[in-house]
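Colleague: Okay, handing you the structure first.
Bear in mind that the values in this text are calculations on the coordinates, not laboratory data. This structure is a prediction, so every number in the text was calculated from the model and none was measured. Here the Cβ positions follow ideal geometry from the backbone for every residue, glycine too, while neighbour counts run over all protein chains shown.
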Amino acid sequence: MNPLFMPNLVRPNRPLREPASRPGTPSPLRFPPPHIPDAAHVDSAAKSIGVGNFRCKRCKKTSYCSADCQTKDWKAHRHVCKSFEPETAGVYLKDLNTTKYMKGAEMQGVVVEFHSPGRFFIHPEDPMVAEALMSITVELQKNPNFSTGTPYVPCVGEVCSVQFSCDLSWYRGLIQTLAADQKAAHVLYIDYGNEENVPVERIKPLSVNAKPFCPCAMECQIAGVVPVADSWSSECCMAARQLLSGKVLTIKLVDTLKNGYVHSVDIQLSAGKQLSTFLLEQEYALAEADGSAPAEKDKGALLKASVENFQRCSEWKDNNDWAQPPEPLTQAVGDRFSVVVSHFQSPNDFIVQKVENGGVIQDLQLKLREHCSRVETPQNFRPAPGTVCCAQFSEDKQWYRAQVLAYSSEKSVCVGYLDFGNSEEVDLNHLRPISPALLAFPMQAIPCSLGGVQPVGDSWSEECISALLRIISNKMVHIEIQSALKGKALVKIIEGEGDSQINVAELLISVNYAIPVESGTPRQTKETTASAEPPASPVVDPLVWSCAELPSDGQTVALLASVVKSPAEFYCCVNNSNDYQELVELGVQLKQHCESNSSSFTPTVGEPCCVQFTGDGKWYRAMVKELFGDVVNVNLVDFGQNMTVNSGCIRSITPKLLKLPFQAVRCWLTGVEPSGSEWKSEALTWFQNLVDGVQLLARVVSVSELGYGVELESGGQSVAAALVAQGFAKTSGDSLKDPVTSSNTKAEDLGEEKQNQTVAAFSVDWKTSQLPLNETFQPCVAAVINPSLFYLLHPTQVDPQNLQEVMLELALHCNTDQNSVTSRPVPGAACCARFSVDDNWYRAVILEVGEAEMSVIYADYGNSEKVPVSRILPIPTHLLELPFQITRCALTGSEHFPAEWPPQVQQMFHTELSNDVTATVQSFDGSANVLSLSLSSERGGWNLAAMIQEMLHVNRTSRPLPDAAQGGEQPCSGVSHAAEPDRIPSKPQNELEESPEPVNADGCMETRESAPRKEKEMDLDRPVHGDPVEEVEQRKSSTEDEDLQSSGCCCQSLKKQMDRLEEMIQLLLSLQAKE
């Protein structure tokens, strides 16, 4: 069933649209109606003697005493009414130039008139604006005297020359409203922004020869914020005015609205803060992400926000899912009846009620009032979007039937009134459950669109909307249904009775507010939506389908694999030429059916449909698995492939197209299980190459509701035995279990669909891409934890379509699984993270774990940020199969690295990685790529692992001795402590190998005490210059001679170690300063 009307989608925490008015009455005007020749008829007697204070706007010659007088004479006057075009025809805003500033541009300007953050005027500091302002002022003062005998009566929306009351000079003014007696007008001075009421004697028409300068005062509003209440508070306006007045400000143009005459801006204050930020911090305003109507691509995000708001507090609540909208009233093409307009948006969008159903509507309202007076406010009532309930309208406090459109917040919903067409935001405590008896009445609102016309430009003008509203509001009109379009009745509107009847469409065309619909324009269709007696519904055959079956009596059957995921889950089709031919013919029938059937279709989970495959554009049979807004997850039943598509790629299916059984059969390989906890990537690749594209011989071993456990032969060899022989699998003790479900479910629950789902977790065992061995390259560092764990951005060849499908499935998972996270992730674990910029979910890896927020890196893009814990979710393991674009790495020599890293070592490693280093792949340890990192040749070419080992050695040897750390005093004796391993840490083994003891001329090892001392003295006297890293190494070798003295007290040894540490720190500081 098509919805009654298509409301605008809700932004988070904002209503869909403002209330139209009370149900049953049209919307009030948001702007003053222009004085136009509306279906006007003039009294002949009044016209002949020229009496009356009103004139026809079009010809400006005929006078009337009232609008009724004009209405009566319109039939005669319409033939002689000609457009009046004097030398000084009216000038309107549309005739002036628009501001040429581009979106995103910054300018200097001064606020010249401030009403509120939602409306103020600025003068740009632009020489061209100043020159235009001077030219306008001089030109208007040249001929101030203007008299035609009678005062000039301007039109609303006209730009005139107006005499300002303070200095009696003439300025350009926009006529905003005109008094009822047409003796005064409210004027906006478009070049300065101020307003006042002016007598018409001080208003004269603007010459059409005047240069069409754009308004010098730019009307602006602060972007991204809305008032906390219905309007801006006086405290807010006063605070903002004090910040802006008398200052030259930096203004950024965010957007241009209302045909280029209103600008959405933000202003930088003197303290460096934006005005929008100030308003939010002071709680004068609320944030508004986007002030424009949502685009098609944004509707999914808006719908997701509504679903999130609904689901947060819906556990154990009454979701009212039984109360579905009643059927709409239907009419036949050609029916004519009298209506009143209950809601009006534009000529293409308005709602009417049948006059003859007035008694039904009144009876319905009485029953609603009686029902709601008996029903108490339920504490657990939380109706789901799309269901129907009773809602209390905010203006008259009466109860009406309403459909829940969306949840704008956790405690408020936007509802659409089914019998009147308008909508508003209400609190949950203003909703009541509805009774089945109240749903027996059909919806009384009939959505309509004016037929035979289309707007002159891209959209209907405000003048046209105002004129049409004046014609049809608060009165009975007659409509005739011509056809239907997009769920609305295309109608002809007739206003008036007898000889004074007027075709509204012809009237709009005559005053140039509309143009006729060109012949051949696909505006009207054969669809019908409006019948006092509904037509008989055609008998629809139920959808019945079946699946292909494999023989379970032990015989062998030939199969072809269509989708291979793993030995635990793959899909096959019976290799039968007849079935293949039928499948080809079915493809032709599907194409003909789907191309001829373009009507909208609402898919249902568990029901078959037709889906267009994005890869080849062909149509296939599918089963709906999951729904989320406009996104549908389906399974191609003849091939076994899962895919996610938009609802526009879905069509209904007929029973004829379901006669052929679904060809894809789910299978698993029996008798084997993975050698580890899960199937390795090498095993998956080997299995796919073995079974894909070749004929397989299968024998069914076990059967369940989810598929068949089979023994497979490929090319004369047993696939299970081959997996075991290759070391990819081991023999399974139970060949009757479904390997996908048996690990997570009980045997008696295998028939439930939930058990085929993958458990989400914070997995640290995600597989990383293996880099080519011995390859040398310049690494692109994405994130650094420590030398034992860091990440490089090393993009792999990933199919963009596969990545897009993963992202869509990830979004489905995260937006449907909002349960609180009970486990605590660890650094290095994979997860789902919600990006702060676009609020979309992405695959990510945890870098740091905090109490309130975590640092993550987005695994497919390489950027990182801190994310609140509430925006982190575990990730299903099957979404980790597609390789990440980041690669997990470790520095060579990690087996000697400590469990806890000193901060200065981590800082040095991070600094060096951000500079020019070269990486060489040494090995792959099964979890990470082991890299050797070297500095550039210009910086000495030092090995980064050796530098880290030295810093670790320095860090250990610089610590206080154990006894000193415990507070005990050591006597200064001549006993050497060099031989005590528990007092002085020994050097790492790899450093001992790289720096052997000195050898004398006889080939014997020299002791440290007998090593030359001159080189040390020279090094200490030499100033620090050149490569600081080289200095570290040279000083290290020159000072090692005294590290282990055979004599002396511990105090002297400790002092030497402290001096050595100070030297290292100074050298590291010089290293950072030079970089």
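Colleague: Would you please classify the overall shape of region 631-692 from the alpha carbon gyration tensor, given that a ≥ b ≥ c denote the square roots of the eigenvalues, rounded means a/c under 1.5, and beyond that prolate means a/b larger than b/c while oblate covers the rest?
Modeller: Numbers: a/c = 3.33, a/b = 2.00, b/c = 1.67.
Since a/c reaches 1.5 and a/b is larger than b/c, the shape of region 631-692 is classed as prolate.
Colleague: What FRET efficiency, computed as 1/(1 + (r/R0)^6) with R0 = 45 Å and r the Cβ-Cβ distance, is obtained for Gln904 and Leu280, rounded to the nearest 0.05?
Modeller: Values: r = 41 Å, r/R0 = 0.91.
For R0 = 45 Å, the calculated efficiency reads 0.65.
Colleague: Among the DSSP beta bridges whose two residues both lie in region 556-731, what percent are antiparallel, rounded to the nearest 5? Show your work: numbers first, answer last.
Modeller: Numbers: 45 of 48 bridges.
Bridges in region 556-731 are about 95 percent antiparallel.
Colleague: Please compute P(r) over all alpha-carbon pairs of region 335-516, binned at 5 Å starting from zero, and give each bin as a whole-number percent.
Modeller: 1, 7, 15, 18, 16, 13, 11, 9, 6, 3, 1, 0
Colleague: Want the number for Asp1059 to Ala440: 0.36 nm per residue separation, take away the alpha-carbon distance, what's left? All intermediate terms of the calculation are to be shown ahead of the outcome.
Modeller: Values: separation 619, 0.36 × 619 = 222.84 nm, distance 9.29 nm.
Computed gain between Asp1059 and Ala440 is 213.6 nm.
Colleague: Roughly how many debye, to the nearest 20, is the charge dipole of region 775-954 about its Cα centre, given +1 on each Lys and Arg Cβ, -1 on each Asp and Glu Cβ, and no other charges? Intermediate values should be presented prior to the final figure.
Modeller: Working: 7 positive and 20 negative charges, 39 e Å.
So the dipole magnitude of region 775-954 works out to roughly 180 debye.
Colleague: Next up: Taking the Cα centroid of region 95-125 and of region 817-892, what is the distance between the two, rounded to the nearest whole Å?
Modeller: What the calculation gives is 43 Å, centre to centre.
Colleague: May I pose another question? In whole angstrom, how long is each semi-axis of the equivalent ellipsoid of region 556-731, when you take the square root of 5 times every eigenvalue of its Cα gyration tensor and sort them from largest down?
Modeller: Ellipsoid semi-axes (Å, largest first): 33, 18, 13.
Colleague: Follow-up. Determine the gain in length on full extension of the stretch Ser647-Lys730; use 0.36 nm per residue of separation and subtract their C-alpha separation, reporting nm with one decimal. Write out the running numbers ahead of the final one.
Modeller: Working: separation 83, 0.36 × 83 = 29.88 nm, distance 4.38 nm.
The Ser647-Lys730 span can extend by a further 25.5 nm.
Colleague: Additional query: If a/c stays under 1.5 just call it rounded; otherwise compare a/b with b/c (prolate if a/b is bigger, oblate if not). Do that for region 106-215, with a ≥ b ≥ c from the square roots of the Cα gyration tensor eigenvalues. Please report the intermediate quantities before stating the final value.
Modeller: Values: a/c = 2.31, a/b = 1.42, b/c = 1.62.
Oblate shape, in that a/c is at least 1.5 and b/c is the bigger or equal ratio.
Colleague: Calculate the dipole size of region 386-493 relative to its Cα centre from +1 charges on Lys and Arg beta carbons and -1 charges on Asp and Glu beta carbons; express the result in debye to the nearest 20. The partial results should precede the final answer.
Modeller: Values: 9 positive and 11 negative charges, 78 e Å.
Dipole magnitude for region 386-493 comes out near 380 debye.
Colleague: Between Ser546 and Lys252, what is the spin-label point distance in nm, taking each point 7 Å from the Cα along the Cα→C-beta axis?
Modeller: 6.6 nm
Colleague: Next question, about the same structure. How far apart, in nm, are the 7 Å Cα→Cβ label points at Ile515 and Ser596?
Modeller: With each label point 7 Å from Cα toward Cβ, the separation is 3.6 nm.
Colleague: Starting from the 7 Å offset along Cα-to-Cβ, what nm value, one decimal, do you get for the label separation of Gln398 and Gln589?
Modeller: Calculated label separation equals 5.5 nm.
Colleague: Students often get this wrong, so check it: of Lys565/Lys680; Lys72/Lys475; Lys103/Lys866; Lys486/Lys591; Lys488/Lys591, which have C-alpha atoms separated by over 19 Å?
Modeller: Details: Lys565/Lys680 12 Å; Lys72/Lys475 16 Å; Lys103/Lys866 30 Å; Lys486/Lys591 24 Å; Lys488/Lys591 29 Å.
Exceeds cut-off: Lys103/Lys866; Lys486/Lys591; Lys488/Lys591.
Colleague: To the nearest 20 debye, what charge dipole does region 335-516 have about its Cα centre, counting +1 at the Cβ of each Lys and Arg and -1 at the Cβ of each Asp and Glu?
Modeller: Working: 15 positive and 21 negative charges, 120 e Å.
For this selection, approximately 580 debye.
Colleague: What FRET efficiency comes out for Val355 versus Thr654 if R0 is 51 angstrom and r is the Cβ-Cβ distance? Round to the nearest 0.05.
Modeller: The pair Val355/Thr654 has a calculated efficiency of 0.80.
Colleague: Shape call for region 366-405 from the C-alpha gyration tensor, a ≥ b ≥ c root eigenvalues: rounded (a/c under 1.5), prolate (a/b greater than b/c) or oblate? Please list the in-between numbers first.
Modeller: Details: a/c = 1.81, a/b = 1.27, b/c = 1.43.
Because a/c hits 1.5 or more and a/b fails to exceed b/c, region 366-405 counts as oblate.
Colleague: Which percent, nearest 5, of DSSP beta bridges in region 775-954 are antiparallel?
Modeller: On the way: 35 of 38 bridges.
Of the beta bridges lying entirely in region 775-954, close to 90 percent run antiparallel.
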